[in-house]
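What follows draws every value from the coordinates through simple rules; no lab data is involved. Just so it is clear, the model here is predicted, and its values are computed rather than measured. Glycine also receives a Cβ, built like all others from the backbone with ideal geometry; neighbour counts cover every protein chain displayed.
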Amino acid sequence: MSKINRRKIGAIAALLLILTTSRSDAAEFASYDAAVHDARGFAFADFDDFFAVDTSGGVMSIDINNDIDMANGLFGGMGADFVADFNPATTQLEIMLTVDPLNVASSFNIVLVDNDGVDTGEEYQFSFNLTGVTPGLPTLLTQSLVSPGPVFRQAAFNQMDGDMIQNYGLRQIQIQSAFGGTDRLKIDVDSVKLVDPDDPLLIEFNTTTYEAQTQKFTFGTFSETGVLDASGSTFLINADPAGTGGPSGGFGFTGLNVDFDAADYQIEIEARLLGNNTADQFNLLLGDNDGDDSGPGLGSEDFNFFVDTANFNTSTFSTFTIPLGSGSETDFVTTFGFTNGGDGLQNFGLSQMQIQASGDDPGVLGIEILRFSIVERPPGIAGDFDGDGDVDGHDFLVWQRNPAVGDLSDWQTNYGAPPLAAATSVPEPATWMLLLCATGAMPIRRITERS
């Protein structure tokens, strides 16, 4: 893919705070690295050259020293498409890189493309200063999206200008050299990430995120009139599978590329039953892409998590949690459209999320769903298999349904232990940071750009 972008880079004045720090796991919305670039990346202008970008070593080794297009100096870029929604006020860019001793350039840029609708959107450019970075030392550069914020904005390539507000739907991440620059840019980029360092929420499937997706879908009974209503703040579902067997219908979105360690996360489904519900269960699905479908184990699988409707009532919204980690699923199948399955392990690249009715259940699924979320699992008591902060009979039922969630001896040892929180309900995501503790210091240098 090749494209030409013309822009003028504005200057940025920022104080550099240099420190070594530790941090707990953050919500990660997108990660651009060598593997992603090899799978679906593109380059343009002076990056579109055999010697300009090398990913064979597992990092994006960038060496821009030739004006191959004879225009705009040593300018060009590389990038990949993404699908992600996040709040820019609480999200930051994190770039892990090593500056080569032969580098001369004083800065480079990260561009985020904001999707505002069909053929509509703008791109925001963020400048990163390299003058304070020690060559040869792995360094983490961070910058808020709003302070100091972007140095330049324009309509995205071949797009109409959007609403001129950073209200992502992310469409694309790019790395660019300075427009009109003459200095050699030589850096090894391990990754470019968008993270919220204080938010345990990884991704959420709700009516807002569903409507924003360009690759959303319905199938089976959910494509019929009156089965799914997503027009409000909740999903209203009235599905009659009629005992058809298998997943009789559902809805969701694909096009995701979210990498995370399943052992550190859990599913939360917040819902209440409608008065007409007679179904005993429904299904939550997470797609896991393990490769390019070139052979066994290099395709994709869908992990199914059956949820009993007995966990909900008709009067109030209740939150039910399912710990993630290989073996916690009800079952898994090869993803539709793939020849090969994956490796059978929950080592997500998350590719899609779905909510399904089960054709094995002859009852009518009547349910109102507020959200289907993946969040960090808070530190808990061993044996707390449902993640609600205590060890009781409910945890035994979770283990009985799926022994892979943990060791029964932990439940026996800690049965009746005092709960971690005063409330017995599952904490809302905003309160979970009270329960999180920092990990060990990172063996890297961190440079944070602030206004």
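Relative to the current alpha-carbon distance between Ala310 and Val333, full extension at 0.36 nm per residue lengthens the span by 5.7 nm. Under a 5 Å amide H cut-off, with hydrogens placed 1.01 Å from N, Leu74 pairs with Gly180, Gly181, Thr182 among residues at least 5 apart or on other chains. Net length available on complete extension from Leu408 to Asn167 is 82.2 nm, with 0.36 nm assigned per residue and the Cα-Cα distance removed. Fully extending the segment from Tyr415 to Asp280, taken as 0.36 nm per residue of separation minus the present Cα-Cα distance, adds 45.8 nm.
Close amide H partners of Val391, meaning residues 5 or more places away or on another chain with modelled amide H under 5 Å apart, are Gly416, Ala417.
Sequentially through the stretch 221-235, phi angles give Karplus couplings (6.51, -1.76, 1.60; θ = phi - 60°) of 4, 6, 8, 7, 4, x, 7, 10, 10, 10, 7, x, 8, 9, 8 Hz, Gly and Pro residues having no value and appearing as x. Coupling constants for the stretch 32-43 follow from the phi torsions by the Karplus curve (6.51 cos²θ - 1.76 cosθ + 1.60, θ = phi - 60°), and in residue order they are 10, 9, 4, 5, 5, 4, 5, 7, 8, x, 9, 9 Hz; glycine and proline get x. Each listed q (0.19 Å⁻¹) maps to a log10 I(q)/I(0) for the stretch 25-199, found by the Debye formula over equal Cα scatterers with no solvent: -1.35. The chymotrypsin sites (Phe, Trp or Tyr not before Pro) of the stretch 138-174 that meet both conditions, a loop assignment by DSSP and at most 16 other Cβ atoms within 10 Å of the site Cβ, are Phe157. Between the beta carbons of Asp183 and Asp38, assuming R0 = 25 Å, the FRET efficiency works out to 0.35 to the nearest 0.05. The H on the amide N of Phe157, modeled in the peptide plane, is under 5 Å from the matching H of no residue at least 5 residues off or on a different chain.
Normalised by 2.2 N^0.38 Å, where N is the number of residues, the C-alpha radius of gyration of the stretch 201-378 stands at 0.98. When Rg and the Kirkwood Rh are both derived from Cα coordinates, the Rg/Rh ratio for the stretch 106-176 amounts to 1.05.
Restriction of the GluC sites (Glu not before Pro) in the stretch 181-268 to DSSP coil positions whose beta-carbon has at most 15 other beta-carbons within 10 angstrom yields Glu224. The modelled label-to-label distance for the pair Val118/Leu137, using points 7 Å beyond Cα in the direction of Cβ, is 5.2 nm.
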